[in-house]
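A short worksheet on the structure shown next.
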Amino acid sequence: MPSIVVFNQTGAEVGKMTLKKEIFGVKPNMQVVYDVVNAERAAMRQGTHKTKNRTEVSGGGKKPWRQKGTGRARQGSIRAPQWRGGGIVFGPTPRSYSVKVNRKVVKLAVKSLLSSRLATKDLVVVDEFQLEDYKTKTLVAILENLKVEGKTLVITDEENYNLFKAGANIPNVYVQTKAHLSVYDLINADKYVVTKAAVKKYEEDLK
């Protein structure tokens, strides 16, 4: 069973935590991670793009000139695609870009990322976050105590107003609850700072 050191806000060790092997000790499957991220990014697309075809543009309805005898090419409507202001041929229309991904696949993607960060020692577990205020420098000091640098994802088990406000203005730091994180959010960070309670929730939800 893998284990990890638990720190407090000052960066001091306060104990050790045993992690479930089936959650934090799996072999990372990056193809699954790619498939889930691809589906999540596709779901972000609104799909509201729209062009008008020749039946929807205004004007037309009358044949511009008679069929024969003018020396010009025959035309049926001034709103045909070859005319300025005419309809668009094969233009985009509203559609859904959603891609179906099984729930087990999403769980495997999360397990893969958690196991990968643990293997590379980019997973830091904190017993809890207790901020007396929501000043940015307070959270910056905590991250410095934990020796965390780079793109960091701070994961909590429940909403913490002071913590969320403190992290709002720190570049490359994103604070979010475990329940509201996507696989795209997880792969977009180099290091995870996770509360002890959030780790337990991951173990409960991903079993």
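FYI, it's all coordinate maths here, none of it is from the lab. Just so it is clear, the structure is predicted and the values come from calculations on it, not from any experiment. Note that we place each Cβ from the backbone using ideal geometry, even for glycine, and neighbour counts take in every protein chain shown.
Between Val110, Val99, Val89, the residue with the greatest mean-square fluctuation in the GNM of the chain (Cα pairs under 10 Å linked by springs) is Val89. Distance between the 7 Å Cα→Cβ label points at Glu158 and Gln176: 2.1 nm. What the Cβ-Cβ distance of Arg54 and Arg74 gives, at R0 = 25 Å and to the nearest 0.05, is a FRET efficiency of 0.95. If you fit an axis through the alpha-carbon atoms of helix 136-145 and take the longest principal axis of the Cα set of the chain, what angle between them do you get, 0 to 90°, nearest 10? Taking the Cα atoms of the chain, the angle to 136-145 is about 60 degrees.
With N counted as the residues of the stretch 47-96, its alpha-carbon radius of gyration over 2.2 N^0.38 Å works out to 1.42. Among Phe164, Phe7, Phe90, Phe24, sorting on how many other beta-carbon atoms sit within 10 Å of each Cβ, with the fewest leading, yields Phe90, Phe164, Phe7, Phe24. Subtracting the Cα-Cα distance of Phe90 and Asn145 from their residue separation scaled by 0.36 nm leaves 14.0 nm. Annotation for the stretch 95-155: chymotrypsin sites (Phe, Trp or Tyr not before Pro) lying in DSSP loop with at most 15 further Cβ atoms inside 10 Å of their Cβ are Tyr97.
Label-to-label distance, Asp185 versus Tyr34, with points set 7 angstrom from Cα along the beta-carbon direction: 2.5 nm. Subtract the Cα-Cα distance of Arg45 and Ala168 from 0.36 nm times their separation in residues, and report this length gain in nm to one decimal. Taking 0.36 nm per residue and subtracting the Cα distance, the gain is 41.8 nm. Between Lys27 and Gln130, the FRET efficiency from the beta-carbon distance, with R0 = 41 Å, is close to 0.65. Backbone amide hydrogens, once placed in the peptide plane, bring Phe7 within less than 5 Å of Val14, Val125, Val126, Asp127, excluding anything fewer than 5 places away on its chain.
Computed from the C-beta positions of Lys16 and Lys104, the FRET efficiency with R₀ = 41 Å rounds to 0.85.
Among rounded, prolate and oblate, which fits the chain when a ≥ b ≥ c are the square roots of the eigenvalues of its C-alpha gyration tensor, a/c under 1.5 means rounded, and a/b larger than b/c means prolate? Verdict is prolate for the chain. For the chain, the longest principal axis of the alpha carbon atoms and the long axis of helix 30-44 meet at an angle near 50°.
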